[in-house]
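The values are calculated or read from the model by the stated rules, or taken from the named source; none is laboratory data. Quantities reported herein were computed from a predicted structural model and do not represent experimental measurements. Every residue, glycine among them, receives a Cβ derived from its backbone with ideal geometry; neighbour counts consider all protein chains shown.
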Amino acid sequence: MTWIAEIKGRWAKATKGPWLRDQQQYCTDDVRTGPGTVALASVGMYNRNAENDLEAIANAPADIARLVKELEEAAGLIDALTDAEPCDYDSRGYCTAHALEGPDCANERALVWLERAAGR
Ligand SMILES: [Zn+2]
């Protein structure tokens, strides 16, 4: 299983959204979905960054879904645009196989990235 699939799997099992910010008690705010609390944060002197923390948590499902979608699309484009032919560097470190600057030409880095994204 790739790390992308692991992320998708975790979010597929998480509480369905939308997750919404909601002010609750004297010293806590929360992120809710329907009647349930998804996350709770201390506020005020207990956590002076709670506003930003809860905003990030409330938007996490949509943000991560978008990032995964964009990442999968980018991976497809990288795969389509890379050449499986190995690099061939000249004495100046220039890759003559892909007409790109070395020592690690962009094609080689893209192939490494694709392997990592595929979990290999
Ligand atoms: Zn190359």
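Scanning the stretch 86-108 for residues that are near the ligand (Cβ under 9 Å from one of its atoms) and surrounded by fewer than 14 Cβ atoms within 10 Å (Cβ to Cβ) turns up Pro86, Asp88, Thr96, Ala99. Restricting the first member to the stretch 30-48 and to residues that are on the phi > 0 side of the Ramachandran plot and touching a residue at least 60 places away in the same chain (Cβ under 8 Å), and the second to residues that are in a loop (DSSP other than H, G, I, E, B) and hydroxyl-bearing (Ser, Thr, Tyr), no beta-carbon pair is closer than 6 Å while six or more apart or on different chains. Could you please let me know if Arg21 is assigned to a strand (DSSP E or B), modelled with pLDDT of 85 or more and either of a type outside the set (Val, Ile, Thr) or assigned by TED's automatic domain parsing to the domain that holds Ala110 (or both)? Yes: the conditions hold for Arg21. With respect to being of a type in the set (Gly, Ala, Ser) and over 30 Å from Lys16 (Cβ atoms), Ala110 fits the description.
For the stretch 65-114, a tally of residues being charged (D, E, K, R) and under 30 Å from Ala12 (Cα atoms) returns 6.
Cβ-Cβ contacts under 8 Å between residues 6 or more apart (or on different chains), taken from a first residue in the stretch 92-120 that is closer than 15 Å to Leu77 by Cα to a second residue that is polar (S, T, N, Q) and more than 14 Å from the ligand (Cβ to nearest atom), are listed as Ala117/Thr2; Ala118/Thr2.
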